[in-house]
Amino acid sequence: MSSLTNNVVITLRFNDDSTRNITFENVASADLADVKDKIESINANANNEYANFYATFVSDDGEPVVSIESCKIVSTQEDVIYSG
């Protein structure tokens, strides 16, 4: 028996040049193909579509997020080789 777990880790850059990693756990495999496009849309913020995103995430000093600086997808497959 095996199981696959997908986590998406994004690095947020804030107005004060600090960064923070946010991990989204157990992302469905079908959703992974859209991650890059979604990040590009958030960073472009056309028509202030993602204003809530920018207002929600702030640095420890209260500075707003400027962009998603990087992203990595971590997929882990675990196989049970003995269960007894």
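Listed values, structure above:
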| quantity | calculated |
| --- | --- |
| Candidate set from the stretch 3-23 (those that are closer than 24 Å to Asp79 by Cβ and surrounded by 14 or more Cβ atoms within 10 Å (Cβ to Cβ)); member that is farthest from the chain's Cα centre (by Cα) | Asn6 |
| Qualifying residue in the stretch 29-46 (condition: open to solvent by 40 Å² or more (accessible area, probe 1.4 Å), over 15 Å from the mean Cα position of the chain (by Cα) and more than 26 Å from Val80 (Cα to Cα)) | yes |
| Scope the stretch 62-81; condition of a type in the set (A, V, I, L, M), open to solvent by 60 Å² or more (accessible area, probe 1.4 Å) and either touching a residue at least 12 places away in the same chain (Cβ under 8 Å) or at positive phi (or both); matching residues | Val66, Ile73, Val80 |
| Test result for Asn26, touching a residue at least 12 places away in the same chain (Cβ under 8 Å) and surrounded by 10 or more Cβ atoms within 10 Å (Cβ to Cβ) | no |
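The values are calculated or read from the model by the stated rules, or taken from the named source; none is laboratory data. Nothing here was measured: the structure is a model prediction, and the numbers come from that model. We place every Cβ from the backbone using ideal geometry, glycine too, and count neighbours over all the protein chains shown. Heavy atoms of the whole protein, side chains included, go into the accessibility calculation; ligands, DNA and RNA do not. Shrake-Rupley method; radii C 1.70, N 1.55, O 1.52, S 1.80 Å.
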